[in-house]
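**Student:** My questions all concern the structure below.
What follows draws every value from the coordinates through simple rules; no lab data is involved. From a predicted model like this one, the values you see are computed outputs, not experimental measurements. All Cβ positions, even for glycine, are placed from backbone atoms using ideal geometry, and neighbour counts span all protein chains on display.
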Amino acid sequence: MPLMIHQELCAQCGSCIGNCPNRAIIRRGGRVLITDMCCDCGICTRYCSVGAIGKGERRAERDTTRLSQMLAEKLKLTRRIAAMKFVDEIPEGIAVEQGPQFWCALCGDVFDGNGEPLLFTAAASMCGGCANLGLGAKRVAREEFDAALDGQVIGEGNLYSDRDVIARNRDAFPQFPKIYKGVVVGLLERIPAPDLVLFPVNGHQLCVISTAFAFETGELIRGFAGKATCLMTVTVPLLRNRPVFCAGDHGGRMFMRLRDEEILVCFPFSLIPGLVHIMDKTVYANAH
Ligand code: SF4
Ligand code: SF4
């Protein structure tokens with residue numbers, strides 16, 4: 001594993017356990033141990049007063065090109081892997097999407113292999129989903145806003161019984177504590193140190209991922225269905241540092257060009273080095 005705990009020094013106080021953002025430190029067999037989900041961030045070392053946490057035998061893989069290759073090979077993915085990086089400044093050398101555009105359509109381009117990184121902003125967004133991406137709500141006239149909301153209320157093929165139901169649905173998800181200038185979207189191998197990694201999988205591939213993750217962490221991956229693709233896919237991984245799988249909504253599925261058998265998974269990038277490593281540990285990994 002990347003970092004390790006020197007057992008002869010460890011006082012088993014547990015201070016490091018609750019402070020690991022990847023939940024990679026566990027108690028097992030009367031010892032405190034670091035698992036393969038460690039990403040080498042080093043945060044835990046700040047919480048160990050006896051200096052028991054040191055370097056392990058290998059470093060966590062951080063190279064996004066290698067991680068992309070390993071993920072694709074181990075899962076036999078047929079679509080490409082997208083990454084997202086939230087920024088407060090426009091990065092040098094990154095093209096700015098002029099719009100009007102949908103975030104989900106940009107992801108669809110990446111899944112199809114057209115993954116030149118683009119900066120997506122609320123100004124370029126065609127959709128209220130920019131608020132679900134931490135980019136803030138686009139400014140529109142009140143009449144336009146009311147018409148968009150009324151379009152979702154039930155009747156004539158619409159979705160909700162009234163506006164309160166729309167609000168309750170939104171409140172079920174965490175909200176962004178800040179508004180970002182934009183989000184860079186592109187192929188994983190083209191974005192160094194991204195925040196999130198997302199890609200479509202089929203049922204077997206989701207089974208491999210979720211089994212490996214549960215095996216190593218003791219946690220089940222949460223799944224969402226019934227709301228906007230951006231809301232279900234982005235907020236929980238970014239704000240809770242947890243992976244999700246997501247059915248998407250009709251529009252999102254269409255713009256991402258998801259096939260009927262495909263469902264989205266989204267992981268915080270910090271969990272990807274561990275995920276790639278632990279997939280070999282399950283019997284499912286070589287089953288197909
Ligand atoms: S992920 Fe970070 S905090 Fe957790 S064990 Fe590894 S280095 Fe420590
Ligand atoms: S903080 Fe240090 S002493 Fe305490 S459990 Fe973790 S490694 Fe052991």
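**Student:** Please report the antiparallel percentage of DSSP beta bridges with both residues in the chain, rounded to the nearest 5.
**Tutor:** Values: 29 of 36 bridges.
The antiparallel fraction comes to roughly 80 percent.
**Student:** Treating cross-link reach as a plain straight distance, find the aspartates and glutamates whose alpha-carbon is under 12 Å from the alpha-carbon of Lys181, omitting any fewer than eight places away in the same chain.
**Tutor:** Asp88, Glu89
**Student:** Taking amide H positions as placed in the peptide plane 1.01 Å from N, state which residues far from Leu3 in sequence (5 or more) or on other chains have amide H under 5 Å from it.
**Tutor:** Result for Leu3 returns Asp40, Gly56.
**Student:** Given N residues in the chain, what is its alpha carbon radius of gyration divided by 2.2 N^0.38 Å? Let's see the in-between values first.
**Tutor:** Numbers: Rg = 20.4 Å, N = 288, 2.2 N^0.38 = 18.9 Å.
With N residues counted in the chain, Rg over 2.2 N^0.38 Å equals 1.08.
**Student:** Now, a different point. Past the 24 Å Cα-Cα mark, which pairs from Lys178/Lys227; Lys85/Lys138; Lys227/Lys281? Before the final figure, lay out each step's value.
**Tutor:** On the way: Lys178/Lys227 22 Å; Lys85/Lys138 20 Å; Lys227/Lys281 34 Å.
Cα-Cα > 24 Å for Lys227/Lys281; rest within.
**Student:** Cα convex hull of the stretch 3-55: mean projected area in nm², to one decimal?
**Tutor:** Working: hull surface 12.7 nm².
Spelled out: convex hull of the Cα atoms, projected over all directions, averaged, 3.2 nm².
**Student:** Let me ask something else about it. Using a 10 Å cut-off on Cβ atoms, rank the peptides 166-179, 83-96, 107-120, 59-72 from the highest mean neighbour count down. Can you show the working numbers first?
**Tutor:** On the way: 166-179: 12.2, 83-96: 15.1, 107-120: 19.4, 59-72: 17.1.
Descending packing order for the listed peptides: 107-120, 59-72, 83-96, 166-179.
**Student:** Just to check I understand the Karplus step: with θ = phi - 60° and J = 6.51 cos²θ - 1.76 cosθ + 1.60, what whole-Hz values come out for the stretch 99-114, glycine and proline as x?
**Tutor:** With coefficients 6.51, -1.76 and 1.60, one gets x, x, 8, 9, 4, 5, 5, 4, 4, x, 4, 5, 4, 8, x, 8 Hz.
**Student:** What 222 nm value per residue comes from the helices of the chain, counting each DSSP H run with n ≥ 4 as -39,500 (n - 2.57) and dividing by all residues, nearest 500 deg cm²/dmol? It would help to have the intermediate numbers written out before the result.
**Tutor:** On the way: 8 runs with 79 residues, N = 288.
Only helices count here, giving -8000 deg cm²/dmol.
**Student:** Mean separation of Cα pairs under 8 Å and 6+ residues apart, divided by the residue count of the stretch 3-55: what relative contact order is that in percent? Numbers along the way, then the final one.
**Tutor:** Details: 72 pairs, mean separation 25.8, N = 53.
Relative contact order here is 49 percent.
**Student:** What is the sum of charges around Gly182, taking Lys and Arg as +1, Asp and Glu as -1, for the other residues whose C-beta is under 14 Å from the C-beta of Gly182?
**Tutor:** On the way: positive: Lys85, Lys138, Lys178, Lys181; negative: Asp88, Glu89, Glu92, Glu97, Asp195.
Local charge sum for Gly182: -1.
**Student:** Here is a further query. Quick one: Karplus J couplings for the stretch 137-146, per residue in order, coefficients 6.51, -1.76, 1.60, θ = phi - 60°, nearest Hz, x for Gly and Pro?
**Tutor:** 7, 6, 7, 9, 5, 4, 5, 5, 5, 4
**Student:** Net charge near Phe111: determine it from the other residues with C-beta under 12 Å of the C-beta of Phe111, scoring Lys and Arg +1 and Asp and Glu -1.
**Tutor:** Residues near Phe111 contribute +2 overall.
**Student:** Put a dot 7 Å past each Cα toward the Cβ at Arg46 and Lys178; how far apart are the dots in nm?
**Tutor:** Result: 1.5 nm between the two label points.
**Student:** Then there's this: Which value, in debye to the nearest 20, describes the size of the charge dipole of the chain about its Cα centre when Lys and Arg Cβ atoms bear +1, Asp and Glu Cβ atoms bear -1, and nothing else is charged? Display every interim value, and only then the final one.
**Tutor:** Numbers: 32 positive and 31 negative charges, 181 e Å.
That gives the chain a dipole magnitude of about 860 debye.
**Student:** Continuing with this model, one more query. Express the relative contact order of the chain as a whole percentage, based on alpha carbon pairs under 8 Å and six or more residues apart in sequence. Please report the intermediate quantities before stating the final value.
**Tutor:** Details: 544 pairs, mean separation 64.4, N = 288.
Relative contact order comes out at 22 percent.
**Student:** Consider all pairwise Cα distances in the stretch 1-147 and report the whole-number % of them above 24 Å. Before the final figure, lay out each step's value.
**Tutor:** Numbers: 5964 of 10731 pairs.
Cα-Cα pairs in the stretch 1-147 separated by more than 24 Å: 56 percent.
**Student:** Would you be so kind as to identify which of Val32, Ile154, Gly134 lies farthest towards the positive end of the dipole of the chain, taking Lys and Arg as +1 and Asp and Glu as -1 on Cβ and the Cα centre as origin?
**Tutor:** With unit charges placed on the Cβ atoms, the residue in question is Val32.
**Student:** Each label point is 7 Å from the Cα along the Cα-to-Cβ direction; what then is the distance between the points at Glu143 and Arg170, in nm?
**Tutor:** Here the modelled spin labels are 2.2 nm apart.
**Student:** Tell me which residues come under 5 Å, amide H to amide H, from Lys138 once H is placed; ignore anything under 5 positions away on its chain.
**Tutor:** Amide H neighbours of Lys138: Ala131.
**Student:** Using label points projected 7 Å from each Cα along Cα→Cβ, tell me how many nm separate Ala225 and Asp280, to one decimal.
**Tutor:** Modelled inter-label distance: 3.5 nm.
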